[in-house]
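K.L.:
What follows is a structure written as structure tokens; I'll ask about it next.
The values are calculated or read from the model by the stated rules, or taken from the named source; none is laboratory data. Quick caveat, the model's predicted, so the values are computed rather than measured. As a convention, Cβ positions derive from the backbone with ideal geometry for all residues, glycine included, and neighbour counts pool all protein chains shown.
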């Protein structure tokens, strides 16, 4: 049983490395620069919050064009801007029994993958991890706890789905099957859009934001927009989930940030279109106004344009 990981950044790198260390047959499809980096250093995972612990995996690396066999499971963990190229690259790794498990943000990627490979070959997936890749390409885990949840888009279970779960479980992180994976994907989308818009607009942690006058009210206002869109789309967020998110975005002294705000702080492009703009666009189509999501989208578009203009 083979696992092909496409995307050796924080998410794909972490889960792929743990699977490799657990003895699974894992291959990484990477770009030449990343392949050189990984061959020199290995795929390193560090846990600063837990001391100086580190694990190093040395999985099999492939470049585009070197795929020679179908994989049983493809873990797709690229940013949305790299999706089209990833789809072209992975086509030779998709056979009649291959299942593709995407861990991209938002929902738009499902349309792209379904159109190219068919809905029965594409699972829904939710990855939960707080991590980043440093300048050396090492995976730095920022907080404990990581999980993968997979499920068929129509909520049915099959032997292929069970086989994919068996491949992913028992590797040092939580793994589960959900019969409502699309709802769970919406729940994650609402959460990351809320935290992303909040921390990118305010350029600070949740603790920084709630410490200033009016800051405690901003997160719940953004959350209200995001949950309204989800409900209008047919996926109302459970009250308990909304309550947990509200606590997370109003907690005094919290160091909570978002992957988007970390990208901005590091001078990398921000994933504004799939996380914020697409959510606001769907809301507009459903008659939901989203002025705060629109504002955060516009700010990040300006930032991305400035970043692109500054590059040689």
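K.L.:
Would you check which residues across segment 59-78 are in a loop (DSSP other than H, G, I, E, B), surrounded by fewer than 20 Cβ atoms within 10 Å (Cβ to Cβ) and under 23 Å from the mean Cα position of the chain (by Cα) and list them?
P.N.:
Initially, segment 59-78 is screened for residues in a loop (DSSP other than H, G, I, E, B), giving 59, 63-72, 77-78.
Now restrict to residues that are surrounded by fewer than 20 Cβ atoms within 10 Å (Cβ to Cβ): 63-70, 72.
Scanning segment 59-78 gives 63, 64, 72.
K.L.:
Which condition does residue 281 not pass, out of (1) buried (at least 17 other Cβ atoms within 10 Å of the Cβ); (2) free of Cβ contacts under 8 Å to residues at least 24 places away in the same chain; (3) over 23 Å from residue 220 (Cβ atoms), if it passes all the others?
P.N.:
The single condition residue 281 does not satisfy is (3).
K.L.:
Could you pull out the residue among 134, 105 that is in the same structural domain as residue 82 (by TED's automatic domain parsing), under 20 Å from residue 8 (Cβ atoms) and crowded, with 18+ Cβ neighbours inside 10 Å?
P.N.:
On the way: 134 fails: crowded, with 18+ Cβ neighbours inside 10 Å.
Being in the same structural domain as residue 82 (by TED's automatic domain parsing), under 20 Å from residue 8 (Cβ atoms) and crowded, with 18+ Cβ neighbours inside 10 Å holds for just one of 134, 105, which is 105.
K.L.:
If you don't mind, another one. Give me the helices (runs of 4 or more DSSP H) completely within segment 121-221, filtered to those with at least 2 residues that are at pLDDT below 95 and within 19 Å of residue 245 (Cβ to Cβ), ordered by residue number.
P.N.:
Numbers: elements: 159-168, 181-202, 206-210.
Counting at least 2 such residues, we get no helices (runs of 4 or more DSSP H) at all.
K.L.:
Only one of these conditions is not met by residue 92: (1) closer than 28 Å to residue 267 by Cβ; (2) in contact (Cβ under 8 Å) with a residue 12 or more places away in the chain; (3) out of contact with any strand residue (DSSP E or B) (no Cβ under 9 Å at 6 or more places or on another chain). Which number is it?
P.N.:
Only one criterion in (1) closer than 28 Å to residue 267 by Cβ; (2) in contact (Cβ under 8 Å) with a residue 12 or more places away in the chain; (3) out of contact with any strand residue (DSSP E or B) (no Cβ under 9 Å at 6 or more places or on another chain) is unmet by residue 92, namely (1).
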